[in-house]
Amino acid sequence: MATLPFAPTRIVFFTGKGGVGKTSLACATAVALADSGRRVLLVSTDPASNLDEVLGVTLDGAPRPIPAAPGLFGLNINPEAAARAYRERIVGPLRGAMPPAVLTSIEEQLSGACTTEIAAFDEFTRLLGDLAATSAFDHVIFDTAPTGHTLRLLKLPAAWEGFLATNTSGTSCLGPLSGLQAQRSNYQASLAALADAAVTTVALVVRPDAAALAEEERTRAELAALGIANQRLFVNGLFTAANRRDPIALALERRSAEALADMPAGLAHLPRHEVPLRIWAPLGIERLRALFAAAPPSDAAAPVEAGGVPAAPLSGLIDACEAAGRGVIMTMGKGGVGKTTVAAAIAVELGRRGHSVHLTTTDPAAHVLATLGHSGGSGLGLRVTRIDPAAETSAYTAEVMATSGAGLDERGRELLAEDLRSPCTEEIAVFRAFARIVGEAANGFVVIDTAPTGHTLLLLDAARAYHREVERTQGDVPEDVRELLPRLRDPEFTRILLVTLPEATPVHEAADLQSDLRRAGIEPFAWVINQSFAATATEDAVLVSRGRHERAYIDEVRASLARQTAVAAWQAERPVGAEALLSLARAGAAEPVAAGA
């Protein structure tokens with residue numbers, strides 16, 4: 001039985017940058033609590049949840065018992081299922097009482113991605129704020145989406161509470177507000193629970209990496225500003241080189257030590273718990289039980305032969321993208337797999353080759369400038385931007401007031417302005433900005449670093465749904481919005497690179513993403529397997545063991561998932577700054593590895 005490194009409150013949130021191990025630590029905590037005799041509900045709020053794979057059980061929107069851990073129950077908040085239930089709660093009582101045309105109009109207003117997000121949020125606040133909903137459990141553990149998405153989720157109780165407190169029209173971009181008004185007490189209770197240190201703990205999960213620590217400092221500060229002060233820091237994957245002559249192992253140890261030594265002061269003052277890097281992936285109940293152990297016997301790895309994998313660099317993929325002379329190059333995948341680094345490396349190399357390149361990001365965490373280093377893109381032939389939700393919302397609101405609001409009387413303008421204060425307006429504004437930037441690729445290269453998978457899927461799913469919302473508020477659909485799906489579906493215009501790590505969860509999540517894209521008529525161009533220890537010359541026992549585990553996932557991608565694949569070795573030096581990014585883009589073989597190689 002594992003001993004927990006802290007005493008959990010009734011509610012615990014695990015949050016952090018994608019790929020840092022939030023799900024593993026949330027599951028290990030839940031298993032340890034269940035083993036101690038507590039009844040525990042483990043909830044994923046991530047649209048791209050992988051609880052099923054980690055726990056080895058198929059989950060849905062209702063609490064399901066985990067057979068290998070008596071007392072533990074798990075559920076995934078499924079956005080689509082939540083949206084269906086939410087729509088039915090609003091529309092169901094109106095059937096038979098309203099004309100069919102009115103019902104159709106309401107259902108159309110409730111069919112967008114904004115409703116999907118609010119429905120998922122509605123379920124989240126029910127579990128957080130309604131004690132009756134979780135009264136059967138001693139603890140509720142939330143495994144959250146990557147940081148940017150989670151911060152928005154945690155801010156929504158205050159945002160919707162403020163909107164409902166000032167709304168006088170009874171309608172919003174979701175149509176009738178009855179569905180939200182009925183839950184207002186839950187929003188208020190959610191705010192109270194989040195701010196109560198005796199009830200809620202937020203576990204900030206990081207890798208010993210400078211970028212992850214910097215992002216988590218931002219998260220810490222924003223949560224503190226929301227009144228969420230009971231925070232703890234989990235440093236996951238801490239590594240000590242066993243082979244003191246192995247340059248890769250020593251570089252990994254050094255990078256970890258330097259990142260922790262330079263940790264932001266706000267994080268340094270938090271209670272800290274360190275979890276060592278394991279040679280195995282924490283999949284299944286028994287491995288989850290071993291995650292918090294000081295030295296599990298299975299970590300005493302005997303020396304093994306390196307299972308080398310030839311690096312197949314980005315240069316071949318860049319050559320293929322360059323041949324078109326223009327277009328969108330979009331990196332997608334699970335958080336923490338290196339999407340930003342890959343996007344920046346491609347952009348810098350295209351700029352070096354003399355092309356006009358716009359590098360941007362849809363990720364709320366926005367690490368592009370930090371990845372480019374001190375230059376920030378100057379002198380590289382790049383235009384570097386980010387989609388700023390606040391700026392886009394302000395511009396969109398002003399535009400709607402100047403167009404749709406121009407012919408309204410004072411009361412009409414007041415109602416329109418009130419409607420635009422809805423948190424949904426931000427989603428519409430960001431979507432329009434995304435469509436506008438994609439449209440720029442008609443005249444040059446646009447490289448887009450996307451948000452982690454779940455958040456990106458919500459953005460792409462909105463392509464058709466937002467047409468109706470833009471028509472409602474503005475009358476006409478902008479050309480870039482109208483052309484977005486055709487552009488994304490055109491393989492000569494858009495090239496999507498699925499970025500993954502050579503591990504089970506990132507590969508399988510990317511495979512699910514590929515399936516979702518194909519259902520939308522969008523075909524990925526290639527896969528990039530990033531940060532591979534198998535592609536290095538390491539002889540450290542732990543890293544060689546991890547490299548051996550990578551082979552199965554690299555082979556799976558090459559043989560059955562990707563049309564073409566690039567494999568990038570783990571870099572001894574952080575790939576930050578123009579020179580390091582150019583080295584990543586051009587190192588190794590000149591051509592990508594074809595599927596089945």
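The values are calculated or read from the model by the stated rules, or taken from the named source; none is laboratory data. Computed from a predicted structure; not experimentally measured. Positions of Cβ are backbone-derived with ideal geometry, glycine not excepted, and every protein chain shown enters the neighbour counts. Note: accessible area is taken over every heavy atom of the protein model, side chains too, but ligands, DNA and RNA are not part of it. Shrake-Rupley method; radii C 1.70, N 1.55, O 1.52, S 1.80 Å.
A few remarks follow.
- Residues in the range 61-80 that are open to solvent by less than 40 Å² (accessible area, probe 1.4 Å) and in a helix (DSSP H, G or I): PRO79 only.
- Scanning the range 104-122 turns up no residue that is under 20 Å from LYS22 (Cα atoms), buried (at least 24 other Cβ atoms within 10 Å of the Cβ) and modelled with pLDDT of 90 or more.
- Among the residues of the range 533-546, the one identified as part of a helix (DSSP H, G or I) and open to solvent by 40 Å² or more (accessible area, probe 1.4 Å) is ARG546.
- Considering THR403, THR425, THR385, the condition of being at pLDDT 85 or above, over 30 Å from LEU582 (Cβ atoms) and of a type outside the set (Lys, Arg) is satisfied by THR403 alone.
- Entry remark, the range 516-533: residues being at pLDDT 90 or above and out of contact with any strand residue (DSSP E or B) (no Cβ under 6 Å at 6 or more places or on another chain) number 3 in total.
- Single residue of the range 347-369 satisfying the filter (at pLDDT 90 or above and either in contact with a Ser or Thr (Cβ under 8 Å, 6 or more places away or on another chain) or within 22 Å of ASP209 (Cα to Cα) (or both)) that is surrounded by the fewest Cβ atoms within 10 Å (Cβ to Cβ): HIS358
- Residue, farthest from the chain's Cα centre (by Cα), within the range 265-294, restricted to residues that are more than 25 Å from TRP570 (Cβ to Cβ) and part of a loop (DSSP other than H, G, I, E, B): ALA294
- Taking the criterion of being part of a helix (DSSP H, G or I) and surrounded by fewer than 17 Cβ atoms within 10 Å (Cβ to Cβ), the residues of the range 245-264 that qualify are PRO247, LEU250, ARG254, ALA257, GLU258, ALA261.
- Any hit, the range 547-564, residues being under 22 Å from the mean Cα position of the chain (by Cα), at pLDDT 90 or above, surrounded by fewer than 22 Cβ atoms within 10 Å (Cβ to Cβ) and part of a helix (DSSP H, G or I): yes
- Taking helices (runs of 4 or more DSSP H) as the structural unit, those lying wholly within the range 344-450 and holding at least 3 residues that are hydroxyl-bearing (Ser, Thr, Tyr) and in contact (Cβ under 8 Å) with a residue 12 or more places away in the chain correspond to 389-403.
This table checks each residue for (1) at pLDDT 95 or above; (2) within 19 Å of VAL275 (Cβ to Cβ); (3) touching a helix residue (DSSP H, G or I) at 6+ places or on another chain (Cβ under 8 Å).
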| site | (1), (2), (3) |
| --- | --- |
| THR15 | no, yes, yes |
| GLY19 | no, yes, yes |
| ALA30 | yes, yes, no |
| ASP52 | no, no, no |
| THR58 | no, no, yes |
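- Listed conditions (1) at pLDDT below 85; (2) in contact with a Gly (Cβ under 9 Å, 6 or more places away or on another chain); (3) of a type in the set (Val, Ile, Thr) are all met by ILE279, apart from (2).
- Out of GLY577, GLY547, GLY521, sole residue that is touching a residue at least 60 places away in the same chain (Cβ under 8 Å) and at positive phi: GLY577
- All of (1) more than 27 Å from ARG245 (Cβ to Cβ); (2) of a type in the set (Val, Ile, Thr); (3) in a helix (DSSP H, G or I) hold for ILE529 with one exception: (3).
- Scan of the range 227-244 for residues that are in contact (Cβ under 8 Å) with a residue 24 or more places away in the chain, surrounded by fewer than 17 Cβ atoms within 10 Å (Cβ to Cβ) and not polar (S, T, N, Q), ordered by number: GLY227, ALA229, LEU238, ALA242
- For the range 496-508, filtering for residues that are surrounded by fewer than 21 Cβ atoms within 10 Å (Cβ to Cβ) and either hydrophobic (A, V, I, L, M, F, W, C) or closer than 26 Å to GLU440 by Cβ (or both) leaves 1.
- When the range 509-532 is limited to residues that are over 29 Å from ALA572 (Cα atoms) and of a type in the set (S, T, N, Q), the one that is surrounded by the fewest Cβ atoms within 10 Å (Cβ to Cβ) turns out to be SER515.
- Search result, residues across the range 497-509 that are at pLDDT below 90 and either hydrophobic (A, V, I, L, M, F, W, C) or over 14 Å from MET332 (Cα atoms) (or both): GLU503, ALA504, THR505
- Residues satisfying the criterion are absent from the range 23-40 (criterion: free of Cβ contacts under 8 Å to residues at least 40 places away in the same chain and of a type in the set (Val, Ile, Thr)).
- Residues (among the aromatic types (Phe, Trp, Tyr) and farther than 20 Å from ILE141 by Cβ) located in the range 202-243: PHE239
- All positions within the range 35-47 that are at pLDDT 90 or above and surrounded by fewer than 24 Cβ atoms within 10 Å (Cβ to Cβ): ASP35, SER36, GLY37, ARG38, ARG39, LEU41
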